[in-house]
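The values are calculated or read from the model by the stated rules, or taken from the named source; none is laboratory data. Here the structure is a predicted model, which is why all the values come from computation and not from measurement. Cβ placement follows ideal geometry from the backbone for every residue including glycine, while neighbour counts extend to all protein chains displayed.
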Amino acid sequence: MIDGRGWSDAADAAALPGHMGVYELADAAGRVLYIGCAGGRSRFGLRGEVCDALGRIDGASRFRVEVTTAYLTRHRELLMRHQAAHGGLPAANGPVPGLGRLSPG
């Protein structure tokens, strides 16, 4: 689960499995810059998505992943959790239409 996992260096992304799941990218200080997902149409699953995102998100140098077939639900949950904790989405995530809010508590 992403909550309890530490960060991995960008150089380790090529060793990721080709599974479906969710991921977070962060800068060297551990600030989450992007939250993404790898679905059934993702080329090479998490490996492909994380490698592509690391190449296009400025400042991203670390990542963490969670393998799950419920990647769409988990992706939205992570976005809502980040929004509740930080007052907005990560810098590299655009607006997400219909994104709900988590209740405090």
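List of remarks:
- The listed residues are ALA92, ALA84, and the only one of them that is modelled with pLDDT under 95 and in contact with a Leu (Cβ under 8 Å, 6 or more places away or on another chain) turns out to be ALA84.
- Residue, surrounded by the most Cβ atoms within 10 Å (Cβ to Cβ), within the stretch 34-68, restricted to residues that are basic (Lys, Arg) and farther than 17 Å from ALA15 by Cβ: ARG56
- Residue selected from the stretch 69-92 under the condition within 22 Å of PRO17 (Cα to Cα) and of a type in the set (A, V, I, L, M, F, W, C), by the criterion surrounded by the fewest Cβ atoms within 10 Å (Cβ to Cβ): ALA70
- Qualifying positions in the stretch 68-89 - among the β-branched types (Val, Ile, Thr) and out of contact with any helix residue (DSSP H, G or I) (no Cβ under 7 Å at 6 or more places or on another chain): THR69, THR73
- Scanning the stretch 22-71 for residues that are free of Cβ contacts under 8 Å to residues at least 40 places away in the same chain, under 18 Å from GLY6 (Cβ atoms) and not in a loop (DSSP other than H, G, I, E, B) yields ALA26, LEU46, VAL50.
- Residue in the stretch 12-19 that is closer than 24 Å to GLY88 by Cα, of a type outside the set (A, V, I, L, M, F, W, C) and in contact (Cβ under 8 Å) with a residue 12 or more places away in the chain present: no
- Residue in the stretch 72-84 that is touching a strand residue (DSSP E or B) at 6+ places or on another chain (Cβ under 9 Å) and part of a loop (DSSP other than H, G, I, E, B) present: no
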